[in-house]
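Derivation of every value follows stated rules applied to the coordinates shown; laboratory data play no part. The structure displayed is predicted, hence computed values, not measured ones. As a convention, Cβ positions derive from the backbone with ideal geometry for all residues, glycine included, and neighbour counts pool all protein chains shown.
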Amino acid sequence: ATSYPHTLVIDMKKNIKVRGFSFLQRNGMRKVKDVEILVSTDNIIWKSEGDFTLKEINTIQHLNLTNESTFRYFKIISKSAFDSDKFAALAEVKCY
């Protein structure tokens, strides 16, 4: 078993213009608290869109980016959880 950070990389198969992200926490334990979002057009060079703190809720939460961004890949780096355990779980992540 490993500790934080945990990383999830998503390939959207084409460049998409994005204003923000929606997160749905898993129902129960392992809710992610602190994340960093990075974006890339080539899966080699990454740009950080910032650090965010998710809420400990079971409804969709939206994180707006400072500026609209166009990218193909995004990386979610989970840095901590609300239960202080070393595991992370998310139900859904979407771009808008």
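Some points to look at:
- Given R0 = 22 Å, the distance between the Cβ atoms of residue 87 and residue 59 translates into a calculated FRET efficiency of 0.50.
- Whole-Hz Karplus values for the range 39-54 come out as 10, 7, 9, 10, 6, 10, 9, 10, 10, 6, 9, x, 9, 9, 10, 7 Hz, taken residue by residue from phi with 6.51 cos²θ - 1.76 cosθ + 1.60 and θ = phi - 60°; glycine and proline positions read x.
- Here the contact order of the chain, divided by its residue count and restricted to Cα pairs under 8 Å and six or more residues apart, works out to 47 percent.
- Given their separation in residues at 0.36 nm each and the Cα-Cα distance between them, residue 34 and residue 67 gain 9.8 nm when the chain is fully extended.
- For residue 95, distant residues with modelled amide H under 5 Å away: 22
- Scalar couplings 3J(HN,Hα) for the range 81-93, obtained by applying the Karplus form with A = 6.51, B = -1.76, C = 1.60 to θ = phi - 60°, are 10, 5, 8, 6, 7, 8, 10, 10, 8, 10, 7, 8, 9 Hz; x denotes Gly and Pro.
- Spatial separation of Cα centroids for the range 51-65 and the range 1-40, in angstrom: 11 Å
- Whole-Å semi-axes of the ellipsoid equivalent to the chain (Cα gyration tensor, √5λ, descending): 23, 15, 11
- Residues with amide H under 5 Å from that of residue 80, placed H, sequence gap 5 or more: 33, 34
- For the peptides 29-38, 43-52, residues were scored by their other Cβ atoms within 10 Å and the scores averaged per peptide; the highest-first order is 29-38, 43-52.
- Spin-label pair residue 48-residue 13: with each label point 7 Å from Cα along the Cα-Cβ axis, the two points sit 3.2 nm from one another.
- Proximal charge balance of residue 7 [Cβ under 13 Å; K/R count +1, D/E count -1]: +1
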